[in-house]
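Working notes for the structure below.
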Amino acid sequence: VEPEWVAEHLEQVHVLDVRQAEEVQESLGSIANAQLIPLSELRARLAEVPTDKPVIAVCHAGMRSGLATVILRSGGLARCANLRGGMLLWSQMGLPTKQGRRGA
């Protein structure tokens, strides 16, 4: 799914960030209200992903989030998609982010 569409529909979707917590804090920030479940933990934590809205998976560039959509679908979540280009494209387009923790 295209970044612009997600940015316009943030209230209607659930954003699932599958990066490692350190990546979120050290790099491009995250999309507001995104749920963080690293890809390596997703299968074990599928029950934590809400099913009341379509799920948009996001990672750094779009590879891991593509794998996340496969895991989500195999877990019964039919309404899911991969954010094209990940946080890299999101930030290049100037779309809003919430920054991770920064040093003092």
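The values are calculated or read from the model by the stated rules, or taken from the named source; none is laboratory data. Here the structure is a predicted model, which is why all the values come from computation and not from measurement. Neighbour counts are summed over all protein chains in view; Cβ atoms, including those assigned to glycine, are modelled from backbone coordinates with ideal geometry. SASA here: full protein model, heavy atoms, side chains in, ligands and nucleic acids out. Shrake-Rupley method; radii C 1.70, N 1.55, O 1.52, S 1.80 Å.
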Quick one: Cα convex hull volume of the range 8-63, Å³ per residue? 89 Å³
Relative contact order (percent, whole number), the chain, Cα cutoff 8 Å, 6+ residue spacing: 36 percent
How much net charge surrounds Glu2 when only the other residues with a Cβ under 13 Å from the Cβ of Glu2 are counted, with Lys and Arg +1 and Asp and Glu -1? -1
GNM on the chain, C-alpha springs below 10 Å: top fluctuator among Leu46, Leu72, Leu36? Leu46
Listed by chain and number, the residues whose amide H is under 5 Å from that of Thr51, excluding neighbours fewer than 5 places away on the same chain and using placed H, are none
Could you tell me the ratio Rg/Rh of the chain? Both radii from Cα atoms, Rh via Kirkwood. 0.94
Gaussian network model of the chain, Cα springs within a sub-10 Å range: biggest mean-square fluctuation belongs to which of Ser40, Ser65, Ser30? Ser40
Ignoring ligands, DNA and RNA, what percent of the accessible area of the chain is carbon or sulfur (1.4 Å)? 54 percent
So what's the angle, to the nearest 10 degrees on a 0 to 90 scale, between helix 63-74 and the longest Cα principal axis of the chain? 20 degrees
Descending principal axes extents, the range 43-104, alpha-carbon based, whole Å: 40, 26, 20
Would you rank Thr97, Thr51, Thr69 by solvent-accessible area, highest first, keeping every protein chain in place and using a 1.4 Å probe? Thr51, Thr97, Thr69
Return the long-range amide H neighbours of Val15 (sequence gap of 5 or more, or a different chain), with a cut-off of under 5 Å between placed amide H atoms. Gln35, Ile56
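Rolling a 1.4 Å sphere over the protein heavy atoms, what is the accessible area per residue of the chain, to the nearest Å²? Spell out each step's value before the answer.
On the way: 5720 Å² over 104 residues.
With all protein chains present, the chain gives 55 Å² per residue.
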